[in-house]
Amino acid sequence: HSDASTKKEKTLAMIKPDGLNYTDDFKRIVNDFGFSILRELTMQLDEDDVKLFYAEHSKRSFFPNLVKYMTSGPVFVMVLEKVNAVADWRALIGPTDARKAKITDPHSIRAMCGLDSQRNCVHGSDSLQSATREISFFFREIVSTGKGKNLPKLES
Ligand code: RTP
Ligand code: MG
């Protein structure tokens with residue numbers, strides 16, 4: 001059955017350039033916590049990609065450094081699905097500042113592979129609305145037409 005309490009959600013998880021060596025650990029965590037991986041993709045972001053993806057931060061003083069960081073190597077992106085996926089993935093990754101994560105959330109992903117408030121090795125959508133936007137950022141053709149790579153349509 002599929003009432004509100006059992007409705008599955010999708011979220012966008014991204015391993016940032018400094019986390020790529022941890023891909024196997026990420027996949028193990030994703031499986032252990034019951035997420036299904038609906039899509040995955042490795043790509044090199046450019047400056048315009050980062051400006052679009054992190055548009056909400058484009059006026060922040062740290063933004064030029066964020067662009068440098070996010071374009072420093074490829075990222076690995078996954079569409080994850082399960083009940084309560086958005087909040088559960090955010091809880092698993094831990095707080096933005098990886099130094100804080102090592103103290104307050106020592107078992108979190110950012111405690112495992114992050115360094116500081118910028119190099120925190122992983123991203124998670126912060127709301128259902130962000131998840132829809134971010135999934136369509138990487139998988140636009142699939143979301144809008146269902147024709148991408150002959151894979152089934154992802155309902156948003
Ligand atoms: P994300 O969007 O990547 O999942 O991270 P978040 O929600 O925990 O944090 P957010 O405020 O959305 O910031 C986005 C990313 O920008 C970098 N950042 N650097 N003071 C700084 O140097 C600073 N603050 C944020 C981080 O990479 C952060 O994840
Ligand atoms: Mg964020």
**Request:** Give, as residue ranges, the helices (runs of 4 or more DSSP H) completely inside region 51-156 that count at least 1 residues that are at pLDDT below 95 and more than 15 Å from the chain's Cα centre (by Cα).
**Result:** 128-145
**Request:** Please determine, by comparing only the residues of region 85-99 that are surrounded by 17 or more Cβ atoms within 10 Å (Cβ to Cβ) and more than 10 Å from ligand 1 (Cβ to nearest atom), which one is nearest to residue 132 (Cα to Cα).
**Result:** 86
**Pairs with Cβ under 8 Å, 6+ apart, first in region 49-62 and surrounded by 15 or more Cβ atoms within 10 Å (Cβ to Cβ), second part of a loop (DSSP other than H, G, I, E, B) and not polar (S, T, N, Q)** = 53/45
**Request:** Identify all residues within region 100-137 that are buried (at least 19 other Cβ atoms within 10 Å of the Cβ) and not small (Gly, Ala, Ser); write none if there are none.
**Result:** 109, 110, 112, 113, 120, 121, 122, 123, 134, 135
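The values are calculated or read from the model by the stated rules, or taken from the named source; none is laboratory data. Please read all numbers here as calculations on a predicted model, not as lab measurements. Reconstructed Cβ throughout: ideal geometry from the backbone, glycine too, with neighbour counts over all protein chains shown.
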